[in-house]
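Read-outs throughout are calculated quantities, based only on the coordinates presented, and are distinct from any laboratory measurement. Computed from a prediction, not measured in an experiment: that's the story for all the values here. Cβ atoms come from the backbone with ideal geometry, glycine included; neighbour counts cover every protein chain shown.
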Amino acid sequence: MSTAPLVPEHELPDTHYLNATYGSGRSIRAWLLTTDHKRIALLYLASVTVFFFIGGIFATMIRIHLLTPGGALVSPETYNKLFTMHGVAMIFFFLIPSIPAILGNFLIPIMIGAKDLAFPKINLLSWYIYLIGGCFVLYSFGTGGLDTGWTFYTPLSSIYSNSAVTPAVIGIFINGFSSILTGLNFIVTIHTMRAPGMTWFRLPLFVWAHYATSLVMILGTPVVAITLLLAGLERMFHLGFFNPSMGGDPILFQHLFWFYSHPAVYIMILPAMGVVSEIIPTFARKPIFGYSFIAASSIAIAVIGFFVWAHHMFVTGESTYAALAFSFLSYLVAIPSAIKVFNWTATLYKGSISWDPPMIYALGFIGLFTIGGLTGLSLACLGLDIHVHDTYFVVAHFHYIMVGGAVMGYVGGLHFWWPKITGRLYPKALSRFAAIVLFIGFNLTFFPQFILGYLGMPRRYHSYPPEFQVLNVLSTAGASILAVGYLLPMLYLFWSMRYGKVAGPNPWPATGLEWKTDSPPPTENFHVTPVVDWEPYDYRNRPDLGLAAGGPLAPAHGDD
Amino acid sequence: MSEHSEHIVSPIVYMVIFFALIAGTTVTVLAAFQNFGQFNIVIALGIATAKATLVVLYFMHARYSPRRTQLVIVCAVFWLAIMLALTLSDYQTRQQHLSRIVPPAALYRA
Ligand code: HEM
Ligand SMILES: [Cu+2]
């Protein structure tokens, strides 16, 4: 490897996982039957992107509809279906699998110096399970749609709804097993397959974050799967689980649903936090501040995340005492999240910061996640929540975290590891521009929704009083900018797979093990099993990266 | 991974556990015919838990498993306890109001 900061021209390795001719080679069949975690990651990338598109189309229709107070596009019944199908597609089939199943799948074995995940066939199986679950849900979308809200509250979902609830809950039930198997695979892999010298406290923080995510996947997903199945059984066979007239309790459904679905929000955000923890030190050219605190806070979030679920039920008739306890516990979960934000900020302090595209996404993440997290605290406050519950304030809160946080992390992570995945670079100026478009479009879409909600505009209504129109139009305008911000990366990333400049093994350069192997990596990830004898993120003491020790550290790459 | 150490359990142990489970079932059925008031559910669940514990310990070999497996089981049970306890924190207190603790009359008296 060269020691010059300017990376010379590179060439792609002769054989790598994309063109390797094991099994039946490069045929479609070889891809569909592959057990290579890297190829499976790309299978996920393709299918998750399809769901992102589907969810995106629903979102676009929602925003167009809300341009006028009376509703501009669809009937009230269709409007209910739009926001439901938007939520189901985005949460269960895009956001939950996005970072873990794509980036996690691709990177975890390489980051710990392993040849594959512990159970490669189960890994492939989880992709097929995901597809089968997805087909059920698409079937429900296509035959009558779904109008219960992504939360499937009973008794609407189990008795009254006339839409295709049954195939949807079956699809989500099936899809749950995909998550569980992925989580299981990650945990066993991280425990048993680390390369020599890769101790627990040398693991990249991305791996710690995925370990915590996997715990939540394994412990939480079975609960939501069974709960939705119970709602489905009540619908199909009139068994009384949640229906009061048959001795059931509708609020029990909410307890069980949120017991998973609050932790599930951490399934979405923890991996993104892992991505940010990798990007920030790389482009600040400094060791990460407070490594062990960031690692431990991931675990703390996963654990405490299970104690807070009933903050979604403050106004649905739960007892005052329970509400008090859950409010207090919800404040607790903000502590580990804040620890991360403070540590990232401290890492930036006096760093030698360069504005590469992944870094712009990471910085965007920190700001937007902080806004989302702090408004979460407002919602966890009992008195305030009575005012803003089920208004656009809640919608803005979770979009700041899930879109501004998790999706930013996902797109930023794609940009960071794209040269590793494909071996090629994308146009840098264009991608900086796209990141900024995304940031502006996002804020324009969702900030007005905080105000709308505070002024009292309820969520999930197909019409609104005329005085809310200005803010709604602003939000729709922002959404169209946001759409450009997503389409641009899709286009140039796709373009770069063929025409991008060849990246070389370590284009940024960064310290992780994944940057020590070819881009794209060989099928077995490393030509020789690596031995780790360095500390993580040690940007000060890595002469092999071409960074001067001590002194001011130059951003070490050429320009576009 | 082939580090499984198969522990050989004598058939006698299995028989003893089996009869213990049968006995548990019998007691459950008998208890169901008595009315213990509030304790009906406590007794039924108590016996069921004891039986489940025997199954996990002996039939599922948790007793002879490595420490790490045992730790996983304990954590899972603890996690289930969280779910039950916090859910019950709602159900057990739903009928009560803060005014029961501080009776409204007491507020007005002073
Ligand atoms: C700092 C920690 C957080 C706190 C204290 C918090 C608090 C809350 C509260 C109290 C609500 C209920 C509001 C209501 O319905 O009246 C809520 C809703 C929501 N939060 Fe958060 N939140 C936090 C982090 C997150 C994260 C990290 C995510 C996602 C990645 C998230 C996603 C959501 C979603 C999706 C909803 C709405 C669910 C629905 O009703 O459809 N939250 N949050
Ligand atoms: Cu929550």
### Query
If the chain between B:ILE12 and B:TYR64 were fully stretched, how many nm would it gain, using 0.36 nm times the residue separation less the Cα-Cα distance?
17.1 nm
### chain A - percent relative contact order, Cα under 8 Å, separation 6 or more
19
### Message
Run through the range A:346-453 and list the trypsin sites (Lys or Arg not before Pro) located in a DSSP loop whose Cβ has at most 10 other Cβ atoms within 10 Å.
### Response
A:LYS350
### Task
Report the local net charge at A:PHE326: Lys and Arg +1, Asp and Glu -1, summed over other residues whose C-beta lies under 10 Å from its C-beta.
-2
### Query
So how do A:ILE226, B:ILE22 line up by other beta-carbon neighbours within 10 Å, fewest first?
B:ILE22, A:ILE226
#### Entry: Per-selection Rg to Rh, the range A:1-160 - Cα, Kirkwood hydrodynamic radius
1.13
### Summary
Sorted largest first, the C-alpha extents of the range A:383-502 along its principal axes in whole angstrom are 55, 27, 20
### For the range A:83-135 versus the range A:367-393, the gap between their alpha-carbon centres in whole angstrom
30
### Query
Which part of the range A:154-198 falls in the paramagnetic zone of A:TYR128, meaning amide N under 14 Å from the point 7 Å along Cα-to-beta-carbon?
A:178
### Query
Rg to Rh for the range B:11-94: what is it, with Cα atoms only and Rh by Kirkwood?
1.06
### Query
How long are the three semi-axes of the equivalent ellipsoid for the protein assembly as shown, computed from the Cα gyration tensor as the root of 5 times each eigenvalue, in whole Å, largest first?
42, 34, 25
